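The values are calculated or read from the model by the stated rules, or taken from the named source; none is laboratory data. Not measured: the values here are computed from a predicted model. Positions of Cβ are generated from backbone atoms using ideal geometry, with glycine treated the same way; all protein chains shown enter the neighbour counts.
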Amino acid sequence: MTKKKELTEVFIYPDWCKGCGICVAFCPSQVLELGPDGKARVIKGKECVNCGFCEYHCPDFAIVVKTKPLLKNYANHAQQGQKAQPQK
């Protein structure tokens, strides 16, 4: 199964982040970086492939990765009166 970009959003709770850098070091798409304040921040959110490493390995539970709903596909089909099919 291939991972699709732009289907996820990465959220960071800055008050919870201690700046350990685990998420930055192991992100396969370099979505995150440590900011000037020493805390993780999202710099390339559209590059996230939803591997979940950052969320599962954050010792502070400061990162949440959510899948975006495919509402655009369903809205287009609804306007045309067709049954929506999941994107491949």
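Residue under question is residue 22, and the condition is that it be of a type in the set (Val, Ile, Thr) and in contact with a His (Cβ under 9 Å, 6 or more places away or on another chain); does it hold? Spelling it out, residue 22 is indeed of a type in the set (Val, Ile, Thr) and in contact with a His (Cβ under 9 Å, 6 or more places away or on another chain). Give the residue, chosen from 13, 74, 56, that is at pLDDT below 90 and among the aromatic types (Phe, Trp, Tyr). Just one listed residue meets the conditions, 74.
Contact map, region 14-27: first residue touching a residue at least 12 places away in the same chain (Cβ under 8 Å), second residue of a type in the set (Gly, Ala, Ser) and surrounded by fewer than 15 Cβ atoms within 10 Å (Cβ to Cβ), Cβ cut-off under 6 Å, separation 6 or more or different chains; pairs are 19/38.
Any idea which of 24, 49 is of a type in the set (Val, Ile, Thr) and at pLDDT below 95? Answer to the check: 49.
Scanning region 7-24 for residues that are part of a strand (DSSP E or B) and in contact with a helix residue (DSSP H, G or I) (Cβ under 9 Å, 6 or more places away or on another chain) gives 8, 9, 10, 12.
Within region 17-38, the set of residues being within 14 Å of residue 60 (Cβ to Cβ) and surrounded by 14 or more Cβ atoms within 10 Å (Cβ to Cβ) comprises 17, 19, 20, 21, 22, 23, 24, 32, 34. Selection of first residues in region 42-71 that are among the basic types (Lys, Arg) and of second residues that are assigned to a loop (DSSP other than H, G, I, E, B), restricted to Cβ pairs under 8 Å at least 6 apart or on distinct chains, gives the following pairs, ordered by first then second residue: 44/29; 44/30; 44/31; 46/5; 46/6; 68/6; 68/7.
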